Every structure is written in structure tokens, then in C-alpha cells.
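Below is one structure, written out as C-alpha cells; the observations come after it.
The values are calculated or read from the model by the stated rules, or taken from the named source; none is laboratory data. This one's a predicted model, so the numbers in the text were calculated from it and none came from an experiment. All Cβ positions, glycine included, derive from the backbone under ideal geometry; neighbour counts span all protein chains shown. The protein model used for the area step is the full one, side chains on, heavy atoms only, and it has no ligands, DNA or RNA in it. Shrake-Rupley method; radii C 1.70, N 1.55, O 1.52, S 1.80 Å.
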Amino acid sequence: MSRTTVRGTAADVRSGRRSPLEVLEASLDRVRAVDPVVRAFVSIDGDQVRAEAAALTEEAAHGRFRGPLHGVPIAVKDLIDVRGHPTRGGSLVTEDAPATRDAPAVHRLRAAGALVLGKTTTHEFAHGVTTPPTRNPWDPTRIPGGSSGGSAAAVASGQVPAALGSDTGGSIRVPAALCGVSGLRPRPADVPTGGCLPFSPKLDTCGPIAGDAEDLALLFAVLGQAPCPLIPSVAGLRLGTVPPAALGDVDAEVLAAVESAVGVLVAEGAVPVPVDVPPFPEWSAPRTVYVLSDFLAVHRGAGWYPARREHYGEEVASYLTLAERITRHEREAAVRELERLEGLLRAALEDVDALVLPTTAVAAPTIEECAFRPGDAGRSPVVGTLMRLCGPFSWCGFAVVSVPCGATADGRPIGVQVVGRDVPTVLGVAARYQARTDHHLRTPSPAPAPAGAGGP
């Protein structure tokens, strides 16, 4: 399978090589072929999306195009409102009633001509990294990451060229890294989060997942309603690098792949600058206190907890129980510690234009390694391991992109993060890197669905 891009699909439609209906049917064919194995989608209204594609096809035939995404199929995480589809958030706590309007981000995609194919899986209320029942397209015994695991898996397996996700502490970047695609966490104010089920309101963001950074730039320009010009070169760019000791335990193959990625950018003229950042493990405890207390406040405010306690999955219910034990003093202390760490991190980054480091400390673990075991130690330590290198940048509000930078010996994708003060900078660095490498062009070959499997 070759990688289908947003840009290529849009160009095909605009040139008349393919109609939006033809593009849609190819996407639905791919869903039927692989999604019974990957299990990325929770809802697709085939009749409705075909009707929308027919309207876009008629417009294109008369030379009318709504915008740069005319006829491009896009999936949306089931944490974000799409009219006509329930927003379940991966939970039995929420209701089946369909949303009556699109979230602002979805509205902007439609206004630009996108076809919303359907809703993708999320870890329950975005609080986790495994996103059951979705499987990693590279190896169905492994997790896709989360909480936007369905969106990343749908793109990686070629069901759609792009998808919308959300990222509070790494929920776009982690699955992008584990599934071998590119994912953008914009700054909190860049893309509206209205119509998205909240997690931790100060930290919540909404952003795109696609095959490469240039597609992310096109999608971000639509979502943020602002141009996203990419830098033509990294020559002279001051590129911050993090000493391995500050990262905590990181797999040797991951470190080697990221070091190689830095080497590519340096060969293009970037200037490497070692930066003295606070150790990443120091962020974990105060971040956990902060987001757990926020999560509990959101669910109490919605009237879900404890009124519907029995409808939560065991994992998320256990997090809410932990959150109930957090005192006001503990939350205040956590905020003070996070602000101290933020000051150190910002000071360390003052003299660089961007920072490059691993997205996750390990490539995709097995489902068994990440299993939640009630009555044991709760969530697997690997969950914290996957979030460790993403969370600090969420707290600080930086723009961050994760792109593929290699693979383990057994073929699991490895991701590299580019962190900066704005989206054009991080996407520009990522695009220049991808112009010199082909990791983003690698695609998995998920097992086909059994003969006779149904579909939309």
C-alpha cells in the first residue's frame, strides 16, 4: 500500500482525475478490507457520507470547490462532536443521542470541502494510551497508542488520508509515533476545542493526524484559519538536543533513531545546541495530581460522577477513585512544582529555535504489557513511560509535532518530537526532515478482513 496524502487526493479531485464519490468509495473499500482487524472506527453512516460526496462531486463537475480539502475523506475522534453521530467518548457513561451540530473544528473541515467519513475510537474519556479495541496496524498484538489511537490507526492503515484527534498530555503524539504517522499538537489557542469532551481544560487541544508534515500544515491552516508557511531551509536554525540522562529510561533503538534524525537536520545546516532541561521523570508526579483533579472536576460538573459510577470502565473508575483522595493542598503543591519546572524548561529553550527529542521512550508495547489489572498495581508502568516525554510540553503550551524517524529491528515505528514556540516552526523543521528521509512513506500491511465481512 502506498501512502495516500491529503494534498494528492485534493489535487486529484480538483483536476478531475477522480471525483469525490470515487475517492469516498476507495476509502470505504479500504475500511471493509482492513478495519475488521484494525478496529479504528466506531461509526460510519455510509448513506449520509455518500450523499455528501455526491453533492461535492456535482459541485466539482461545475468547477466549484469549497476549499483546499474538497472531497478529502477525514475521520474524527469520538471525543469530538460530529452532527448525526453520538459522541460517546469511548464510554458507556455518555448517551446515544447524536450530536445536532459539528464541533467548530469539524465545521471548519467541512467548510473547506472535507468529507467526514466517521468517528474513530478513543481510550475512555481520553484517559489512557491503549485505545481498546483498536489494534496497531503494524502488529495487531500491539497497542496503537492513545488516546487518539483510532485516528492514528485509521491513517496508518490507509483508511483515510487524515484524521482529527485531541491531545492533553500526548494523545495525538503517542499514537502517531506508535503507528508510524505524523501528528500535530498545536498551541491551546490555535484550534477551538468547543464540542470536544473536556479532560483538563487548560491543557486540552485539538489537532490533525496525517502521513506527513506538509499535510499537517494544510490541515492546520484550515483548522486554525490562518496561513501556515513552512520554512524553506533549516540552515542556521538552532536545534536543541536533550542529554539522554534527562530523558529517563529510553530504549536504545529509539535513542539511535532520534540521534540519526538530528544528524539529518545538522547535515542540512541546523546548528545542534545541547540544552540543560529539568529531568523528564520529575514532571510525572505533579502532572498526575493536576490532571486527575481536573478530570474529576469535569466529571462531577457533567453530573456523570459519582451518579453513573457503575457505567465507567474499571481503569477510568480507578483513576476517579484516586482523584477523590487528592487534597486541595496537594493540588496547589503540584501546580507550584509544575510552574517551577516550566520556568526551568523555558529558560533552557530561550537560546534555541526548536527542540528535538523522542516522542515515546519505547516503540509500541504489546496489549498484554499494557493491560489494566484491578487489584494489582493498577495501570501498567509502560503507560507512564509512553507519556513521560510528551506531558511537559502540554503543560507549557508549546507547539509540538511527532513524525516517524525509523523503526525497531522488528519493524515497529519510532517517532521524534519537534517542539517550538509556534506551529509553522515545528512543521517546517519536520517537513525539511521528511524531504530528506522516507520513514513517513513506510506503510503497514494489516491482515485483510475475512471473506464476506460486512461494511458501510
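Looking across the range 322-354 at every residue that is β-branched (V, I, T) and buried (at least 16 other Cβ atoms within 10 Å of the Cβ), the one that is farthest from G240 (Cα to Cα) is identified as I326.
Yes or no, residue by residue, for (1) open to solvent by less than 10 Å² (accessible area, probe 1.4 Å); (2) out of contact with any Lys or Arg (no Cβ under 8 Å at 6 or more places or on another chain); (3) not in a loop (DSSP other than H, G, I, E, B):
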| position | (1), (2), (3) |
| --- | --- |
| P132 | no, yes, no |
| G145 | yes, yes, no |
| V155 | yes, yes, yes |
| A163 | yes, no, yes |
| R187 | no, yes, no |
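Could you please find all residues in the range 85-111 being open to solvent by 10 Å² or more (accessible area, probe 1.4 Å) and either more than 24 Å from H299 (Cα to Cα) or not in a loop (DSSP other than H, G, I, E, B) (or both)? Across the range 85-111, the qualifying residues are P86, P98, A99, P104, H107, R108, R110, A111. Quick check on L255: is it aliphatic (A, V, I, L, M), part of a helix (DSSP H, G or I), more than 27 Å from A363 (Cβ to Cβ) and within 26 Å of the chain's Cα centre (by Cα)? For L255, the condition - aliphatic (A, V, I, L, M), part of a helix (DSSP H, G or I), more than 27 Å from A363 (Cβ to Cβ) and within 26 Å of the chain's Cα centre (by Cα) - is not met. Checked against (1) of a type in the set (G, A, S); (2) within 18 Å of F398 (Cβ to Cβ); (3) surrounded by fewer than 23 Cβ atoms within 10 Å (Cβ to Cβ), A213 passes all but condition (3). Considering each residue of the range 440-448 in turn, at least one proves to be modelled with pLDDT of 95 or more, crowded, with 23+ Cβ neighbours inside 10 Å and within 21 Å of the chain's Cα centre (by Cα). Using the structure shown, decide if L237 is at pLDDT 95 or above, open to solvent by less than 10 Å² (accessible area, probe 1.4 Å), of a type outside the set (K, R) and more than 19 Å from R412 (Cα to Cα). Taking the combined requirement at face value, the residue does not satisfy it. Annotation note: Cβ proximity below 9 Å between a residue of the range 23-36 that is more than 22 Å from W138 (Cβ to Cβ) and open to solvent by 40 Å² or more (accessible area, probe 1.4 Å) and a residue that is part of a helix (DSSP H, G or I) and small (G, A, S) (sequence gap 6+ or interchain) occurs for E25/A53. If the condition is being surrounded by fewer than 24 Cβ atoms within 10 Å (Cβ to Cβ) and under 16 Å from E59 (Cβ atoms), then the range 1-12 contributes only D12.
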